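The values are calculated or read from the model by the stated rules, or taken from the named source; none is laboratory data. Just so you know, these numbers come straight off a predicted model, no measurement behind them. Because the Cβ atoms are built from the backbone with ideal geometry, glycine has one as well, and the counts that use them run over all protein chains shown. Just the protein is used for accessible areas: all its heavy atoms, side chains included, with ligands, DNA and RNA removed. Shrake-Rupley method; radii C 1.70, N 1.55, O 1.52, S 1.80 Å.
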Amino acid sequence: MSHTHSDPIRFAYWVPNVSGGLVISKIPQRTSWDIDYNRRLAQTAEQAGFDYALSQIRFTAGYGAENQHESVAISHALLASTTRLKVIAAVLPGPWNPALLAKQIATIDHLTGGGRIAVNVVSGWFRGEFHAIGEHWLDHEERYRRSEEFIRVIKGIWTEDGFTFKGDFYRFNNYTLRPKPLAKPHPEIFQGGSSRAARDMASRVSDWYFTNGNTPDAIKAQVDDIRAKAAANGHRVRIGVNAFVIARETEQEARQVLQDIIDQADFEAVQAFGAEVKNAGKASPEGEGNWARSTFEDLVQYNDGFRTNLIGTPEQIAERIVALKEAGVDLVLTGFLHFIEEVAYFGERVLPLVRELEARREQVAA
């Protein structure tokens, strides 16, 4: 159950299927939420060496994101435009019924050759969005209990015939899905969070756990907690961390880009976003969660990506990525300002350095 240090660290990128890119800022961006741009980006990322793309789920406008493409549909479109890239579709229990989601993903798995579609189960932080679409808003612990049932149900539907389940949120009676997904044992299941409830849930049912951006030491504390609990449960969970990447020829240039993003932040939108997400975290019994310690500057990037500090020269960024790996991170989930060109630059200039450093450290360890 321990972290396998010899495994290469993997890379994913946030799909900009939501307008406004990945920052709550009015800075000009050469990034678009439309499908043609996203198809070209997926192909660029695949060629650059990225392993995954994660589509976002939004139902309502807000915080600089006025337009959104639905996550499962756009994930299918990106899979149809690529041959190797895996695409993770974010879904919300509540709006999604697990039977529908299980069937959608099984069908996409068959249509795209098997093993390339995955799901990210988002427990929900945006109360206003749930109210806008007429969905009941649960408290923090209940949201994670529902998400855990949701995951147990889709796993059961994907792997069992005559599936029966009697939970607090979902009931199934002798249900058999045909055809089942080609992916074995089932499509990968991701989740996010930083609270105790999120970590506990991941240690029982999820294949992957995403956490907000943070320092290697802070991430290691979460990793150690999750992996100890997962080992006790006879379960394995891998760790992904959010990071906003600004790779430039000089550190000064990269830091200036960061400052420009923050200087042009949409102040009212950042403040509103911060109030919403901090309230969601405070609802947990320990008063913690994603964004619990986020400053205004952190919140300009939706998932605390600046805090991971992948900002500087390719060499500096590669060193910091390997430090994350040594803290227990298996995957870096990246965001960029100008996606297509910066994903290509990352693949050309940063990723080869990461592989060199990994190989060197493996030799030393051996």
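Any idea which of (1) more than 21 Å from R238 (Cβ to Cβ); (2) surrounded by fewer than 20 Cβ atoms within 10 Å (Cβ to Cβ); (3) under 20 Å from the mean Cα position of the chain (by Cα) is the one L79 doesn't satisfy?
L79 satisfies all of (1) more than 21 Å from R238 (Cβ to Cβ); (2) surrounded by fewer than 20 Cβ atoms within 10 Å (Cβ to Cβ); (3) under 20 Å from the mean Cα position of the chain (by Cα) except (2).
Anything in segment 324-366 that is farther than 16 Å from R10 by Cβ, among the β-branched types (V, I, T) and modelled with pLDDT of 95 or more? List them, or say none.
Scanning segment 324-366 gives a single hit, I340.
Among the residues of segment 296-311 satisfying the criterion of being of a type outside the set (V, I, T) and over 14 Å from A243 (Cβ atoms), which is least open to solvent (accessible area, probe 1.4 Å)? Steps first, answer last, please.
Residues of segment 296-311 that are of a type outside the set (V, I, T), as a first pass: 296-299, 301-307, 309-310.
From what is left, the residues that are over 14 Å from A243 (Cβ atoms) are 296-297, 299.
Details: F296: 54, E297: 85, L299: 10 Å².
In this case the residue turns out to be L299.
Would you say D7 is surrounded by fewer than 20 Cβ atoms within 10 Å (Cβ to Cβ), in contact (Cβ under 8 Å) with a residue 40 or more places away in the chain and either of a type outside the set (D, E, K, R) or closer than 17 Å to F346 by Cα (or both)? If you could, list the steps in order and put the result at the bottom.
Numbers: surrounded by fewer than 20 Cβ atoms within 10 Å (Cβ to Cβ): yes; in contact (Cβ under 8 Å) with a residue 40 or more places away in the chain: yes; either of a type outside the set (D, E, K, R) or closer than 17 Å to F346 by Cα (or both): no.
No: the conditions fail for D7.
How about segment 142-259: which strands (runs of 3 or more DSSP E) wholly inside it have at least 1 residues that are closer than 23 Å to V354 by Cα and open to solvent by less than 70 Å² (accessible area, probe 1.4 Å)?
Numbers: elements: 163-166, 171-175, 189-192, 208-211, 238-244.
Here the list reads 208-211, 238-244.
Given (1) among the polar types (S, T, N, Q); (2) surrounded by fewer than 21 Cβ atoms within 10 Å (Cβ to Cβ); (3) under 26 Å from F273 (Cα atoms), where does Q104 come up short, assuming only one miss?
It fails just one condition, (3).
For R293, all conditions in the list (1) over 26 Å from V237 (Cβ atoms); (2) open to solvent by 40 Å² or more (accessible area, probe 1.4 Å) hold save one; what is the number of the exception?
It fails just one condition, (1).
Check off (1) modelled with pLDDT of 95 or more; (2) aliphatic (A, V, I, L, M); (3) farther than 22 Å from T334 by Cα for A61 and give me the number that stays unchecked.
All conditions pass for A61, except number (1).
Conditions tested, residue by residue: (1) open to solvent by less than 10 Å² (accessible area, probe 1.4 Å); (2) among the acidic types (D, E); (3) under 14 Å from the mean Cα position of the chain (by Cα); (4) under 23 Å from P187 (Cα atoms).
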residue: F11; (1), (2), (3), (4): yes, no, yes, yes
residue: W14; (1), (2), (3), (4): no, no, yes, yes
residue: G20; (1), (2), (3), (4): no, no, no, no
residue: S25; (1), (2), (3), (4): no, no, no, no
residue: P28; (1), (2), (3), (4): no, no, no, no
residue: S32; (1), (2), (3), (4): no, no, no, no
residue: D36; (1), (2), (3), (4): no, yes, no, no
residue: E66; (1), (2), (3), (4): no, yes, no, no
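Of all the residues that make up segment 326-351, how many are assigned to a helix (DSSP H, G or I) and open to solvent by less than 10 Å² (accessible area, probe 1.4 Å)? Spell out the reasoning first.
Looking only at segment 326-351, we keep the residues that are assigned to a helix (DSSP H, G or I), and these are 326, 339-351.
Filter once more, keeping what is open to solvent by less than 10 Å² (accessible area, probe 1.4 Å): 339, 343, 346, 350.
Count: 4.
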